[in-house]
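These notes are about the structure you will find just below.
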Amino acid sequence: MTTGTEETPLTIDELAARAGVTVRTVRFYGSKGLLPPPVLGPRRVGQYGPGHVARLALIEELQQQGMTLAGIERYLRQLPADLTPHDLAIHRAVVASWAPDAVETVSRRELERRAGRPLGEEDVERLAAMNVVVPAGGDDYRVDAGLLRLGVRLLDVPLSQEAILAARRVLVEHSRAAAHELSQLFRGEVEERDARDVKSLSAHMHPLVVQALLTTFQRSLREELSEWLTGSGTG
């Protein structure tokens, strides 16, 4: 959970702004052990990094699921200490998959607060193209809370909007196909069971299937990128 060398370290004020929380909240989480201590930089100023941002996002997601502070503490204690920001993002995605779709109407100011950064008109247009936000008239936007952080991160990815949208179409197409095949597979297992058993199986299988899909996709993508880099002579 170091700040790393690839990104500029954040002060506590910058971390709070990036995560969309208050400085007081960051300090409170730190005092409870939910956040690791910062790295001490020049003049003993605390420096925070991507791991802190990712952990705050996970805490926020757990809170949105209705988990108590004690429950969040227990959840985080069970996680390996050496998780990367990417690993934490996967955990957050799995947690988010437990909840129904959350679409809210917010003002432009609230949208920027949740994004953790100012948003120019081009940024909002790109988010709209990704179906993360939809103009709702005046200064309001309908926001898919589950996709907002991902959409904001994609704003800084050096890919064209066309490439991002094409990637989204590929993911949607194949995820729907996987969901259909899995549902057909499980349907045969529950046809003769009591309705309560079916509901229980669904509640347990949903997060497990999502986590399995994420893990499998992560490994497959790593292998594909490794082969590509090796073949291009840049690895």
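Every listed requirement among (1) open to solvent by 40 Å² or more (accessible area, probe 1.4 Å); (2) modelled with pLDDT under 90; (3) over 26 Å from D144 (Cβ atoms) is met by E104 save one, (3).
Restricting attention to segment 7-31 and to residues that are in contact (Cβ under 8 Å) with a residue 24 or more places away in the chain and among the hydroxyl-bearing types (S, T, Y), the residue that is surrounded by the most Cβ atoms within 10 Å (Cβ to Cβ) turns out to be Y29. Within segment 33-47, not a single residue is in a helix (DSSP H, G or I), closer than 21 Å to G116 by Cβ and open to solvent by less than 60 Å² (accessible area, probe 1.4 Å).
Does M130 qualify as being closer than 22 Å to A93 by Cα and modelled with pLDDT of 80 or more? Judged against the criteria, M130 is a match.
Looking at the structure I just gave you, is R92 at negative phi, touching an Asp or Glu at 6+ places or on another chain (Cβ under 6 Å) and open to solvent by less than 60 Å² (accessible area, probe 1.4 Å)? Spelling it out, R92 is indeed at negative phi, touching an Asp or Glu at 6+ places or on another chain (Cβ under 6 Å) and open to solvent by less than 60 Å² (accessible area, probe 1.4 Å). Per this entry, P50 is counted among residues that are within 20 Å of the chain's Cα centre (by Cα), modelled with pLDDT of 90 or more and not charged (D, E, K, R). For A70, the criteria (1) farther than 18 Å from T22 by Cβ; (2) open to solvent by less than 40 Å² (accessible area, probe 1.4 Å); (3) over 14 Å from the mean Cα position of the chain (by Cα) hold in every case but one, which is (2). Close Cβ contacts (under 7 Å, 6 or more residues apart or on different chains) running from residues in segment 128-145 that are among the small types (G, A, S) to residues that are in a strand (DSSP E or B) comprise A128/V134; A128/P135; A136/T105; A136/R142; A145/E104. Taking H86 as the residue in question, decide whether it is within 30 Å of V133 (Cα to Cα), open to solvent by 40 Å² or more (accessible area, probe 1.4 Å) and in contact with a Leu (Cβ under 8 Å, 6 or more places away or on another chain). Against the criterion (within 30 Å of V133 (Cα to Cα), open to solvent by 40 Å² or more (accessible area, probe 1.4 Å) and in contact with a Leu (Cβ under 8 Å, 6 or more places away or on another chain)), H86 does not qualify.
Looking across segment 112-163, just one residue is more than 24 Å from V21 (Cα to Cα), open to solvent by less than 40 Å² (accessible area, probe 1.4 Å) and assigned to a loop (DSSP other than H, G, I, E, B), and that is M130. Among the residues of segment 9-25, those that are modelled with pLDDT of 90 or more, under 14 Å from P38 (Cβ atoms), assigned to a helix (DSSP H, G or I) and not hydrophobic (A, V, I, L, M, F, W, C) comprise D13, E14.
The values are calculated or read from the model by the stated rules, or taken from the named source; none is laboratory data. Owing to the predicted nature of the structure, the values given are computational and were not obtained by experimental measurement. Virtual Cβ from ideal backbone geometry, glycine too; neighbours counted across all protein chains shown. Keep in mind that these areas ignore ligands, DNA and RNA; they rest on the heavy atoms of the full protein, side chains included. Shrake-Rupley method; radii C 1.70, N 1.55, O 1.52, S 1.80 Å.
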